[in-house]
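Colleague: Once you've had a glance at the structure underneath, I'll fire off some questions.
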Amino acid sequence: MAASLAVGISGIILLVGGLVFLAAGHQQQSAVERPLGQALHRGDSGDAHSGLWLFVLRGDEWDALPEAPAGFPLRDSMRTVAIHGRTLEETVSSNGTVYRVRTERFGTEVRQAVFDERRQRQDRRRWVAGLTGGSLATLLVAVTASVLVARRAIDPVAKLLDLRCRFVTDASHELRAPLTRLHTRSQLMLRRADDLPEPIATELRRMVAGTRELGEVLDDVLRGARLRSEVPEHERVDLAHVAAELLAAEAGRLADRGLIAVLRLGAEHYPVLGVRPALRRVLSALVDNAIGHTPPRGRITIRIAAVNDGRTVELSVGDTGVGFDPARHPGVFDRFARGAGGQGRGYGIGLALTREVVESHGGTITAAGQPGRGARFTVRLPAAPPSRPRPAERRSAAGAGAGETVNTPGRGAANRAGHGAASAAPSRGGRC
């Protein structure tokens, strides 16, 4: 803000100074032209004191002045004017100064007026020095005033940001203590999972994974509140594995809502470079949005495919819910924008945060839908460059095929495949 104000004021100063200099230069030009014209028409001889001399050529006779500057008159110019009759204007640098010379014919006479511009040039140098000094002084005052005004204008905003950072930091710190206790108790219970039925042990694993994910969210919130500039290190993230984990974690909620969730993917892997917790939250937000806007016995489909000759990984989440009209909801990714007919209790920032995460990974996200016929959100991310798989990865890939994972109400995850099976990967949060 200070720089903008200073540049604006400097521009005004330069404009005014330029106009003043042009006006002064025009006035000086008139001050030179007037005595030259008067000397030529009146025949005044002039003198060194006035800085004006007049030389006259009558036939072959010269009127010479004893105090005339060396090198004058310009005899060749006077002969040329005598022959052709055209007025001749010249500027001559001599004797450490600059002379304005005008040669003109009057009847049988040729007159040459010489004017010394020493004083005018000295005046111009003084004007330039004065304008430069005044401009610098004014610019210094303008910069100082701009900085003060900018600080006064930004101070309330800075205080609000500081309060926001303090609140987020304090709130995250207070949430971390009970979350840590919950995560620890979940781990202790999971260690005794051998004595528990498998469904309960599975839910405990999901609870451990959920508390760990919430802890990562708090870390991101703290990172943003502290305005840290470092970018988290990117890693290779397989979106198919993330989607399978998410469907397994959401199996209970899907069953409660009476929804069917389908994961469709091919035989290949779909790695991208990014931050795994952030990409998991992208998919979680899209699935949560689909669950909130899909009525019972509805269907949610997650598709992952490689497009653009394998250079892009496309992830889409579609549902058979209430949908939306793109013409009436152009800002579906704006903050606090909420669709109609949903049953979620969100505040309309999930999709906005999703777009920010996707764009920070160099990708794009689009939405399409029709009222009463569902919606589809499509994320496109740059595919990770190929890397040499480790032996364990090669053994795992050898037994994988193309297919779909289906979560049906009340039955958990069941695999249906035409050419093989791609099962939902279990949560990796058993022990920390």
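Colleague: Would you please name the residue that is surrounded by the most Cβ atoms within 10 Å (Cβ to Cβ), looking only at residues in region 96-114 that are farther than 14 Å from SER77 by Cβ and modelled with pLDDT under 85?
Modeller: Selected residue: THR108.
Colleague: SER77 passes all but one of (1) closer than 18 Å to GLN27 by Cα; (2) in a helix (DSSP H, G or I); which number fails?
Modeller: (1)
Colleague: Still on this structure: Which pairs turn up if I take residues in region 116-128 that are under 20 Å from GLU90 (Cα atoms) and in a helix (DSSP H, G or I) and look for partners that are open to solvent by less than 90 Å² (accessible area, probe 1.4 Å) and at pLDDT 80 or above with beta carbon separation below 6 Å, at least 6 apart in sequence or on another chain?
Modeller: Final answer for the pair search is ARG118/THR97.
Colleague: Let me ask something else about it. What are the residues in region 294-304 that are more than 34 Å from the chain's Cα centre (by Cα) and not hydroxyl-bearing (Ser, Thr, Tyr), if any?
Modeller: Answer for region 294-304, where residues must be more than 34 Å from the chain's Cα centre (by Cα) and not hydroxyl-bearing (Ser, Thr, Tyr): PRO295, PRO296, ARG297, GLY298, ARG299, ILE300.
Colleague: Moving to a separate point now. Specify the residue that is nearest to the chain's Cα centre (by Cα); the eligible residues are those in region 80-103 that are assigned to a helix (DSSP H, G or I) and touching a residue at least 24 places away in the same chain (Cβ under 8 Å).
Modeller: VAL81
Colleague: Moving on to the next point. Go through region 262-290 and give me each residue that's part of a strand (DSSP E or B), buried (at least 22 other Cβ atoms within 10 Å of the Cβ) and of a type in the set (Val, Ile, Thr).
Modeller: Correct list: VAL272 only.
Colleague: Further question: Would you check if there is a residue in region 44-64 being within 30 Å of ALA142 (Cα to Cα) and assigned to a loop (DSSP other than H, G, I, E, B)?
Modeller: no
Colleague: Of all the residues that make up region 357-373, how many are open to solvent by less than 60 Å² (accessible area, probe 1.4 Å) and either modelled with pLDDT of 90 or more or assigned to a strand (DSSP E or B) (or both)?
Modeller: Count: 8.
Colleague: Moving on to the next point. Would region 306-314 turn up any residue that is modelled with pLDDT of 85 or more and touching a Pro at 6+ places or on another chain (Cβ under 6 Å)?
Modeller: no
Colleague: Among the residues of region 248-257, is any outside any helix (DSSP H, G or I) and either within 22 Å of GLU216 (Cβ to Cβ) or open to solvent by less than 30 Å² (accessible area, probe 1.4 Å) (or both)?
Modeller: So far as region 248-257 goes, yes, one or more of its residues are outside any helix (DSSP H, G or I) and either within 22 Å of GLU216 (Cβ to Cβ) or open to solvent by less than 30 Å² (accessible area, probe 1.4 Å) (or both).
The values are calculated or read from the model by the stated rules, or taken from the named source; none is laboratory data. This is a predicted model, so every value here is computed, not measured. Don't worry about glycine lacking a Cβ; one is built from the backbone with ideal geometry, like all the others, and counts go over all protein chains shown. Just the protein is used for accessible areas: all its heavy atoms, side chains included, with ligands, DNA and RNA removed. Shrake-Rupley method; radii C 1.70, N 1.55, O 1.52, S 1.80 Å.
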